[in-house]
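Please treat every number below as a calculation from the coordinates, not as lab data. All figures in this text were calculated on a predicted structure; none of them were measured in a lab. FYI the Cβ positions are ideal-geometry reconstructions off the backbone, even for glycines, and counts take in every protein chain you see.
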Amino acid sequence: MTLTCEAIPLLSDNYAWLLTEGATTAVCDPSEAAPVEALLQARGRKLDLILLTHHHADHIDGVPALVARHGAKVIGAAADAHRLPKLDVAVRPGDSVAVGSAQATVIDTPGHTVGHIAFHFPEAKVLLCADTLFTLGCGRVIEGTMEQMYASLMALAALPGDTLACSGHEYTLSNLAFALSVEPDNAALQAQAKKFRALREAGKPTVPTTIADELAANPFLRAGSAAEFARRREAKNTFRG
Ligand SMILES: [Zn+2]
């Protein structure tokens with residue numbers, strides 16, 4: 001069993017993820033069809049599955065075209081079925097999802113939206129965390145409560161440290177500026193700053209990271225309580241670095 005995952009940059013700062021295992025191909029959160037098609041062609045693959053983390057347009061708008069072309073099956077949260085593209089498989093937290101022989105567990109991660117879910121492949125050590133956890137950041141708390149978002153982040157933080165966190169946006173330089181304002185003396189953060197600035201200067205993605213790296217430097221995972229998390233999240237909303 002070898003699950004591979006590859007970031008697909010789309011729109012201005014979104015990432016979808018191409019997953020392959022054996023002959024099976026899946027994409028997570030395609031906001032556009034064309035960049036996904038281009039990568040499928042380059043890899044000589046047809047699309048079997050579409051995994052959706054939440055209902056925002058910049059995660060689902062490519063679904064109809066991909067379904068029309070490939071007949072791919074769409075998997076998303078049962079709780080959000082009314083506002084997601086038509087689901088072939090409606091999943092609930094704790095359910096399993098298979099990409100070839102790779103099994104993922106559905107993790108409930110409310111906060112950014114109330115129906116947001118993550119997909120965790122424990123054997124492959126891959127986490128599709130979309131707009132819950134970003135490199136050095138986290139999603140805005142739009143629908144849920146600060147307490148829900150903090151609990152969601154803590155659930156992801158509890159996964160093995162070498163788990164690859166595959167997030168939904170390239171917000172890293174902005175997140176980095178805020179993280180440095182919170183913990184200017186954090187050596188792990190300073191080391192990551194160097195790495196991420198070099199990656200961005202080279203036009204490369206700063207995803208995926210690992211849960212261990214995020215625990216060492218992400219100010220939202222490092223908040224000691226929901227109240228401290230809420231203060232940091234509110235500060236980030238108006239932060240101009
Ligand atoms: Zn979103």
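Below is a table of values for the structure above.
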| read-out | value |
| --- | --- |
| In the range 38-60, the residues that are in a helix (DSSP H, G or I), within 16 Å of the ligand (Cβ to nearest atom) and surrounded by fewer than 21 Cβ atoms within 10 Å (Cβ to Cβ) | Ala57, Asp58 |
| So Val99, is it surrounded by 15 or more Cβ atoms within 10 Å (Cβ to Cβ) and under 15 Å from Val126 (Cβ atoms) | yes |
| Filtered residue count, the range 124-140, keeping only those that are away from the ligand (no atom under 11 Å from the Cβ) and either among the small types (Gly, Ala, Ser) or farther than 16 Å from Ile211 by Cβ (or both) | 2 |
| Restricting the range 114-123 to residues that are farther than 17 Å from Thr209 by Cα and within 13 Å of the chain's Cα centre (by Cα), the residue that is farthest from the ligand (Cβ to nearest atom) | Ile117 |
